[in-house]
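Notes to accompany the following structure.
Every number in this text was worked out from the coordinates using simple rules, so none of it is lab data. Computed from a predicted structure; not experimentally measured. We place every Cβ from the backbone using ideal geometry, glycine too, and count neighbours over all the protein chains shown.
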Amino acid sequence: MRRSEYFLPTLKENPKEAQIVSHTYMLRAGMIRQSSAGIYSWLPLGFNVLKNIEQIIREEQDRAGCQELLMPTIQPADIWQESGRYEDYGKEMLRITDRHDREILYGPTNEELITEIFRGSVKSYKDLPKLLYHIQWKFRDEVRPRFGIMRGREFLMKDSYSFDLDFDSAKRAYNKMFIAYLRTFARMGLKAIPMQADSGPIGGDMSHEFLVLAETGESEMFCHKDILDFDIPGDEINYNDDLQPLVNRWTSLYAATDEKQDQAQHDALGDKLVTARGIEVGHIFYFGKKYSESMNAVVAGPDGENVALEMGSYGIGVSRLVGAIIEASHDDDGIIWPEEVAPFKVGLINLRSGDDECDKACEDIYAKLQNAGVEVLYDDRNERAGGKFVDTDLIGLPWQLILGPRGLKNGVIELKNRASGDRDELSVDAALAKLTG
Ligand code: ATP
Ligand code: MG
């Protein structure tokens, strides 16, 4: 992409409305634009990152045996009346009346709709277990939308749902999602710790929130120090194996959100206790027959009797993750994207656009990188070098390739790593080899 053609409206000043760094940088880097309170448009740079995050989530869900579908944003009220949540959900739900005076709503979550789909299509235990997910916009009329896309009213969520015949099978589904979440967040360069969370009236221990440590996080959290250094399950993971020992290892050390904090643990842990704030990026939750019983979602069991389905739901805040990654990875100059989610891998900076030699050399490098499948943003604008540096640091591309008349004369180009700040002078070929290798 050529910077001169790209729609990237960056800002020089920190916008006054932003209270946390991710919101500031997302506005300054031209990633989002507010349309009304808690509702945002995603501009090309922001949308690019959002799609990268979505893709990582999708790959890890698929790998865990979860199948993607797509449910609508608008849902009928009657299924929510059936489950009993239509009244309970209160003012967070955006309720709409259509031209036929039918009550509809903008979905804040999808337990009812997926249960309705499932009960209409699956009649026998032989079709279980099933894990289904979608990635779709949600609307919750939050009392206090804030921190940009971190707590929006319209936001993108990945939500999965499991359907099983019995508790043991439901637990296997839960464990798959537990492991898939560890892998998903790690691939984005995040350390997200599974924390024992409130499981509501269902009780039990099958509710975990995944929190990324950040001072600006809205949740209070407590954990054993050593859990921060646990290894993430690698590519060799087989989701058909018994995952319980792995899950047990992660849950063997204390880690809890404020609702589940335990003073006795805190006293016992002493200086091994970490007290911090965190951003909730995911939540996995087993809720048994809550919806299947109220909505009559049953299958014929092995002995012909009707059995209500065992269910769980598993959410990830896709759009919130964009902010969470920035909170976890930035410096005073701007964002530092982990390579897996970066909108472009390389920012190519022409220090003297308009100079024939520099233009020619940069065009050549630009073409070579593109041909090698490397995503590159080429700053070809007729602007001062200083402004280009500031902009490129701000938008946080992992690598910068900087070429000007002096380097050209000496046959070298500068390669800068955004995260470490390390700069190398290399031959163009060596730099290209490094970026395409
Ligand atoms: P919170 O406690 O932050 O309100 P929640 O318990 O309401 O979250 P869930 O219903 O479990 O959230 O939704 C799944 C995920 O969706 C959350 O883990 C979070 O990452 C994300 N999410 C929830 N509400 C919002 C929001 N208003 N804006 C952006 N992301 C959100
Ligand atoms: Mg909420």
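For the reader, a short list of remarks on this structure follows.
- The stretch 232-275: proportion of alpha-carbon pairs further apart than 11 angstrom, %: 74 percent
- The distance linking the stretch 162-231 with the stretch 89-143 is 23 Å (Cα centroid to Cα centroid, whole angstrom).
- Nearest-20 debye value, the stretch 133-235 charge dipole, Cβ charges on Lys, Arg, Asp, Glu: 400 debye
- Pairs from Lys51/Lys225; Lys126/Lys171; Lys91/Lys130; Lys360/Lys434 whose Cα-Cα separation, in the structure shown, is over 24 Å: Lys51/Lys225; Lys91/Lys130
- Proxy reagent accessibility, fewest Cβ within 10 Å first, across Ser219, Ser41: Ser41, Ser219
- Selection among Gln81, Pro44, Gln55 by position relative to the dipole of the stretch 8-116 gives Pro44 as farthest towards the positive end (Cβ unit charges, Cα centre).
- All Cα-Cα separations within the stretch 161-277 were binned at 5 Å from zero, giving a P(r) of 2, 11, 20, 23, 21, 13, 8, 2, 0, each value a whole percent of the pairs.
- Selected from Lys16, Lys51, Lys416 as most flexible by GNM, with the chain as the system and alpha-carbon contacts under 10 Å: Lys16
- Arranged from fewest to most other beta-carbon atoms within 10 Å of their beta carbon, Asp379, Asp168 become Asp168, Asp379.
- Lys, Arg +1 and Asp, Glu -1 on Cβ, resulting dipole of the chain about Cα centre, debye, nearest 20: 960 debye
- Derived from the Cα gyration tensor, the three semi-axes of the equivalent ellipsoid of the stretch 255-379 are 51, 28, 11 Å, largest first.
- Charge context of Ala29, other residues only, Cβ under 12 angstrom, K/R +1, D/E -1: 0
- Stokes-Einstein D in µm²/s, Kirkwood radius over Cα pairs - the chain at 10 °C with 1.306 mPa s viscosity: 66 µm²/s
- Residue of Phe139, Phe118, Phe344 that the Gaussian network model of the chain assigns the largest fluctuation, springs spanning Cα pairs under 10 Å: Phe118
- Radius, Kirkwood style, for the stretch 1-104 when every pair of distinct Cα atoms is counted (Å): 17.7 Å
- Just checking the listed ones, Gln400, Gln61, Gln34: in the Gaussian network model of the chain with Cα springs under 10 Å, the one fluctuating most is Gln34.
- Whole-angstrom gap from the stretch 395-437 to the stretch 264-327, using each part's C-alpha centre: 45 Å
- In the chain, helical runs assigned H by DSSP with n ≥ 4 each contribute -39500 (n - 2.57); averaged across all residues and rounded to the nearest 500, the mean residue ellipticity at 222 nm is -10000 deg cm²/dmol.
- Around the Cα centre of the stretch 37-93, unit charges on the Cβ atoms of Lys, Arg, Asp and Glu (plus for the first two, minus for the last two) sum to a dipole of about 260 debye.
- Positive-pole candidate from Val318, Gly282, Val298, dipole of the stretch 262-409, charges at beta carbon: Val318
- Among residues other than Asp229 with Cβ under 15 Å from its Cβ, the summed charge is +2 (Lys and Arg +1, Asp and Glu -1).
- Rg/Rh (Cα only; Kirkwood hydrodynamic radius) as it applies to the stretch 274-323: 1.26
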